[in-house]
1. Return the residues of segment 469-490 that are open to solvent by 10 Å² or more (accessible area, probe 1.4 Å) and closer than 15 Å to residue 225 by Cα; say none if nothing qualifies.
2. Say whether the condition of being buried (at least 22 other Cβ atoms within 10 Å of the Cβ), closer than 19 Å to residue 58 by Cα and at pLDDT 95 or above is met by at least one residue in segment 110-133.
3. Anything in segment 173-189 that is farther than 12 Å from residue 218 by Cα and open to solvent by 60 Å² or more (accessible area, probe 1.4 Å)? List them, or say none.
4. List the number of the failed condition for residue 710; all other conditions in (1) closer than 23 Å to residue 595 by Cβ; (2) at pLDDT 90 or above hold.
5. Step by step: first the residues of segment 79-91, then only those that are among the aliphatic types (A, V, I, L, M) and open to solvent by less than 10 Å² (accessible area, probe 1.4 Å), then the one that is farthest from residue 60 (Cα to Cα). Which residue is that?
6. Applying the selection to segment 67-88, what residues are in a helix (DSSP H, G or I) and either polar (S, T, N, Q) or within 41 Å of the chain's Cα centre (by Cα) (or both)?
7. Report yes if some residue within segment 522-545 is aromatic (Phe, Trp, Tyr) and open to solvent by 40 Å² or more (accessible area, probe 1.4 Å); otherwise report no.
8. Just to be sure I understand, how many residues within segment 699-740 are open to solvent by less than 20 Å² (accessible area, probe 1.4 Å), in a loop (DSSP other than H, G, I, E, B) and farther than 17 Å from residue 671 by Cβ?
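The values are calculated or read from the model by the stated rules, or taken from the named source; none is laboratory data. Quick caveat, the model's predicted, so the values are computed rather than measured. FYI the Cβ positions are ideal-geometry reconstructions off the backbone, even for glycines, and counts take in every protein chain you see. Areas reflect the complete protein model, heavy atoms only, side chains present, ligands, DNA and RNA absent. Shrake-Rupley method; radii C 1.70, N 1.55, O 1.52, S 1.80 Å.
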Amino acid sequence: MQVVGAAARSLKFIYQSKLAPRYDFLQGNNMEFIQSLLNSENENVTGLGASIITHSCWTSMEQKALSDAGIIKKLTCMLGGSVTQKDASLESLATILKGNPEVISKFTEPENGGALGTVTELTKDKNARTRLLACICLIVIKNSAPSCLQDLRIKTKLILILLELLDDDQVGDEAPFALSSLIAEKEDLQVLAFEANVIDKLVNHLRKAPVLSRRLEGILIALANMCSRLERCRDRLLSLEEVIEAKYEMENHWSTNMVTNTYGTSLWRTIRNLWPKLRGSCRIKIGNGVKVSFWEDSWLEQGPLKPLFPDVFILNQHQRATVAENSTELWNNSGEEILSKTVWNGKITSKEDSMSRGLTRSSTFFFETGCFDSGNSHEGVPPKPSSSGTRWRICGLGRRFKPYPPSLEGCDWSKGMGLEFDSTTHGGELDCAAADGTCTGSAMKFVTDALSQDSGEVRAAACVCLKNVSRSVKNLSAGLFMNESFVAPLVQLLFDDLTFVQVSALDAISNIVVDFLAHKTMFMKCGGVKQLVQLSKSMDATIRVKAVCALRNLTFLVSVKCKEEILSELTQLTLRSLICDPEACVQEQALALVCNLVDGPLDSIQHVFAEDALLLHAVGQQLQSASKAEVLIQGMYVFTNVASGNEVHKEAVMQELFPPLANECESIMSKFLHSDDSRLRTAAVWALVNLTFPSSSGAFGRVMKLRNAGIVSQLKNMVNDPCLDVKLRARTALGQSITSGDGST
């Protein structure tokens, strides 16, 4: 018997290795052999059976076969055995149940002897590894079949147990990965975790140096998942700077809560009690505006806005907004104006003054892992984005549009060009200098330090964390990430020997370069543009598309000079080759990059006319030959932006859409207007709106050409299109066609 036990123990160790051969449960009598192992009274033999299942059960067919053979019941019986048997059984159960709702449903049936309740009870086991494995088993059930585990108390309990296990020497390395698996992409669980102070506790654990690589990787991934959806989580991570803040918590951006303790030192209580007097005697320099209250802080010559406009303040839905969040005008979620005054450069001006400043640009961006888009609207016509998501458009000539339905990936201000988007510091100061945007928060310093760790997995995890933390319009618009502490190590990772690290760095860079500054001096100074261009020529399609995506975001709302520097490094020929890349996803990103290049003043449009209109012809060729809707949509938005220029630009677009030597077959514009994809129809109609703009001298000739091609007739049929965006733009284009033509339809 001892020989059998020793042999089983040796085989068990072999099957715990990833290099061990797979066991085929479906062949011959192999299933009966597994059953015999689990029926043994020797715990080494039963452990061997469980190890074989954990190592070799990969497919849903194998999971079902094991379940149908009664293996789950045998494993459940082992939960009452020794510590070794419990752990082996829990690992095997998690493997059989993972991603298979049908098997989970059978597992939770009463005939299995209350197996779910038994696993839940094991989360209280005195052995740390048993508690961890029981948690993992419940997480597998929650992720694969949410309806089978809806008890809020169990979810909260799982979070607290995993936090507790972080401090355990035996399983502390695995606990943060289990926590990440629990909260990833689940906003309700992220809220629970936030309320359980998970972010604070994870950061406090990082302060207990040294943290070994495996545990550091897990904590960074857990922080990344916490910050993937909730702005409050990002804000919390970015604000973990001082001991006093951690102890007393913040009442607002400038001071802690009142100190109510009746014991201990009275030093901070005395300092805090003087704050109201100090605040009343101070004026605030705005800096980047992130910490300055729009309504309550004294940042204008006239004093705080709240007492100046009490009625407006009462009606306002954004009473806690900062200056950074309301840097132009305040609008509610339905797109209606709620503040009749506009703040410009620290002075109050009338709405009429602000409109006379020429709000003619349509700016857009998209956020998923994230994506930003920017549009060009010389005639008040914003271009469109390539992806779904919550979109806010900031459009010219006083137009305001309602947001679109939200996207799971993030938020998308847009109807314009494309930026793939798969931000910390102080916002203002009481005395002398404005904030400089350097990274002073100790929590984020752990992240930036991890970017140069020896472990590639840790470097990649730090990039993922930074990517998710920077999924914040508020913090990006304040330029909080475009500083050397973030940019320099990220650019260095573009040279990394490990491809997965390069990919993670590119994702993070795609976010942080969208900082709404007209010139990306810091990124260029660190050599970021040059390396992105090099990676855009990579033979690896994933690297190539992500590099182009980063370049796309880099060109969002930048100055003409900055665009020229980027294009000089990229070159027209390289950009043309990317537009014609074999991979459709690269084509899409390259066309979105062109959209951003032609956004802005008329001079920007000239980029596509350089070198005998090399880029313009490349876009036209793609519209003629491409089949993927996303590529066609971005191509049409390039033409939409170009068509918002002068007569030469509009006529060039007409030549591409209606080639003079084309045969009598249906034009691409007609095909796009007939498309089943509402996004493509919308993009096509936007181009027509710009081409038929009534004040253009050549509008009459273009309308006649469109009428002869049957386009005007199609517009008549689209005024009741099921897509609201298409319907409204079709009516605009049709009305302009009547105005610009001879008055007939």
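1. 471
2. Within segment 110-133, one or more residues are buried (at least 22 other Cβ atoms within 10 Å of the Cβ), closer than 19 Å to residue 58 by Cα and at pLDDT 95 or above.
3. Scanning segment 173-189 gives 185, 187, 188.
4. Going through (1) closer than 23 Å to residue 595 by Cβ; (2) at pLDDT 90 or above one by one, residue 710 breaks only (1).
5. Within segment 79-91, the match that is farthest from residue 60 (Cα to Cα) is 79.
6. Matches in segment 67-88: 67, 72, 75, 76, 84, 85, 86, 87, 88.
7. Here is the first cut: in segment 522-545, the residues aromatic (Phe, Trp, Tyr) are 523.
When the remaining residues are screened for being open to solvent by 40 Å² or more (accessible area, probe 1.4 Å), the result is none.
Looking through segment 522-545, none of the residues is aromatic (Phe, Trp, Tyr) and open to solvent by 40 Å² or more (accessible area, probe 1.4 Å).
8. Number of matching residues: 0.
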